[in-house]
Amino acid sequence: MTTRSWVPVPEHSDFPVQNLPYGIFSRAGEPGVPPRAGVAIGAYVLDLSRLGEAAGLPYAADFAAPTLNPFMARGREAWRAVRARLTELLTDEGHRAAVEPHLIPRDTVTLHLPFEVADYVDFYASEHHASNVGQVFRPGQPPLTPNWKHLPIGYHGRAGTVVVSGTPVVRPCGQRKAPDAAAPSFGPSVRLDIEAEVGFVVGTPSGLGTPVSVADFADHVFGVVLVNDWSARDIQAWEYVPLGPFLGKSFATSVSPWVVPLDALAAARVAPPAQDPEPLPYLREDEPWGLDLAMEVECNGTVLSRPPFRTMYWTAAQMLAHMTVNGASLRTGDFYASGTVSGPAADERGSFLELGWNGTEPVKLADGSTRAYLQDGDTVTLRATAPGPDGVRIGFGEVSGVVEPAREAAGSAGQAEQQQ
């Protein structure tokens, strides 16, 4: 029998009762009331801070905090207890009188960054993306580096520039050098790009010196968000040798405001692509954590691609195991992302670098204009859904950002150049 809520949920809503993603929200007209926690259900947000102990909700005090971190730190047993109680409250008509006063129309709230970011790591887990990048930047050479199929490649990002969906993205400035230039120049990036990714939010910490195994993934990861890891390809190309990404990546990483609980994605688990050669023992999964997420990349209202997350070569559990195998500890609020999600087809690529093949094949928008890379004023929106139980769709909402002009060297030659 299909589980149904007494809360009206539109047929194609991202937020059926089988989802119940967590977020942090505030409302206009409530001076002095800080942001607090809620879950999305249909067109509403259920205010967990005010539902509280009156409805028998465990750990009620955690939900008055302006971040999910206190609740996330409690661990999987607590996450499951709260999820079970919320499902009961929202499906049993007997609880309606106590719960309904705390339902707030979702279009009347402001959503905030849902968790305080401790550390941020970005991976490079899509074979199709890595192969495309290799072909673009290393023509005539093997598209994958020799280590790529032996370990999930990643780098440490900047936690302080992780922002919630809707935060404007200012075009970054930095050094860049054209292949035929004698010396680098400074100015706004002329190859501003996106990376359509999926992110994983750590709740339960681990001790320094203690690796986390692939089997313990679900005991540590609280939930999943959408990620746009904005990238300045020209700055990145000049700076990344020999130590890797730095200023070309650290200026902004956008995340969706709703954290979908890992338990809501049980029906979306799939086997990842076959891994050959067989990974080393610490990366082997008896029950793999591939996920069947259907993503969508939109620019200025035009859907450009639909990257399939199920094609990712490395799983989230393998990424976590590799991230900690040297004894690096986990903290509540640690956040790691998959890297660009791209599939094998041209309309399944998750970056402009691939979609426009480094500017040689610009993509066309609905208004007739074309884009090699992003222009000022462009709005990029990512969405994703997953199959859920009872035949419903589990949605992630969206992560969106608009590009604002650089705040450095306004009117300079570099500023003029980026508009060409």
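The values are calculated or read from the model by the stated rules, or taken from the named source; none is laboratory data. It should be emphasised that the depicted structure is a prediction, and the values quoted were computed from it without experimental measurement. Counting neighbours? That spans all protein chains shown, and the Cβs are built from the backbone with ideal geometry, glycine included. The accessibility values were calculated without ligands, DNA or RNA, using every heavy atom of the protein model including side chains. Shrake-Rupley method; radii C 1.70, N 1.55, O 1.52, S 1.80 Å.
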Phi angles of region 194-208, converted by Karplus (6.51 cos²θ - 1.76 cosθ + 1.60, θ = phi - 60°) into ³J(HN,Hα) in whole Hz with x for Gly and Pro, give 10, 9, 7, 9, 10, x, 10, 9, 7, x, 7, x, 9, x, 4
1.4 Å probe accessible area per residue over the chain, in Å²: 42
Could you give the dipole magnitude of region 58-197 about its Cα centre, charging the beta-carbon of Lys and Arg +1 and that of Asp and Glu -1, in debye to the nearest 20? 440
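Based on the Kirkwood radius over alpha-carbon pairs, what value in µm²/s does the Stokes-Einstein equation return for the translational diffusion coefficient of region 355-398 at 4 °C and 1.567 mPa s?
Working: Rh = 13.2 Å.
Translational D for this selection: 98 µm²/s.
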ALA98 to HIS12: extension gain in nm, 0.36 nm per residue of separation minus the Cα-Cα distance? 28.3 nm
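Give me the percent of accessible area attributable to carbon and sulfur for region 116-164, probe 1.4 angstrom. Please list the in-between numbers first.
Values: 1280 of 2380 Å².
Exposed carbon and sulfur together represent 54 percent of the surface.
Could you calculate the FRET efficiency of TYR282 with TYR155 from 1/(1 + (r/R0)^6), where r is the beta carbon distance between them and R0 is 25 Å, rounded to 0.05?
Values: r = 20 Å, r/R0 = 0.80.
Plugging the Cβ-Cβ distance into 1/(1 + (r/R0)^6) gives 0.80.
Over region 214-372, what number does the Rg to Rh ratio reach, with both radii from the alpha-carbon atoms and Rh per Kirkwood?
On the way: Rg = 17.3 Å, Rh = 17.7 Å.
Here the Rg-to-Rh quotient is 0.98.
Grab the eigenvalues of the alpha-carbon gyration tensor for region 123-236, scale each by 5, take roots, and send me the semi-axes largest first in whole angstrom. Please list the in-between numbers first.
Numbers: eigenvalues 189, 91, 34 Å².
After diagonalising the Cα gyration tensor, the semi-axes are 31, 21, 13 Å.
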Within a Cβ distance under 12 Å of ALA268, other residues only, what is the Lys/Arg minus Asp/Glu net charge? +1
Compute the angle between helix 76-91 and the longest alpha-carbon principal axis of the chain, please, reported from 0 to 90 degrees and rounded to the nearest 10. 60
What order do you get for 249-261, 61-73 when each peptide is scored by the mean count of other beta carbon atoms within 10 Å, highest first? 249-261, 61-73
Computed over the chain: longest principal axis from alpha-carbon atoms vs helix 127-137 long axis, angle to nearest 10 degrees, is 20
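Would you mind classifying region 326-365 by shape? Square roots of the alpha carbon gyration tensor eigenvalues, ordered a ≥ b ≥ c; an a/c under 1.5 is rounded, otherwise it is prolate if a/b is larger than b/c and oblate if not. Spell out each step's value before the answer.
Details: a/c = 3.50, a/b = 3.32, b/c = 1.06.
It is prolate, given that a/c is not under 1.5 and a/b is the larger ratio.
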Computed magnitude of the charge dipole of the chain (debye, nearest 20; Cβ of K, R +1, Cβ of D, E -1): 380
The rounded separation in angstrom of the Cα centers of region 50-84 and region 337-364 is 40
Label point distance in nm, ALA274-THR145, each placed 7 Å from Cα along Cα→Cβ: 2.7
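Throw me the Rg/Rh for region 81-168, computed over C-alpha atoms with Kirkwood Rh, two decimals. Could the numbers behind the result be given before it?
Details: Rg = 22.5 Å, Rh = 18.2 Å.
For region 81-168, the value is 1.24.
Assuming R0 = 51 Å, what is the FRET efficiency of ARG50 and LEU243, from their Cβ-Cβ distance, to the nearest 0.05?
Details: r = 49 Å, r/R0 = 0.95.
That pair, ARG50 with LEU243, gives E of 0.55.
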Mind grabbing the base-10 log of I(q)/I(0) for region 217-288 at q = 0.17 Å⁻¹? Debye formula, identical points on the C-alpha positions, no solvent, two decimal places. -0.96
Run the accessible area of region 226-295 with a 1.4 Å probe and give the carbon-and-sulfur part as a rounded percent. 60
Can I get the semi-axes of the chain's equivalent ellipsoid? Compute them from the C-alpha gyration tensor as square roots of 5 times the eigenvalues, in angstrom, largest first. 36, 25, 20
Compactness relative to 2.2 N^0.38 Å, alpha carbon Rg of region 286-372: 1.38
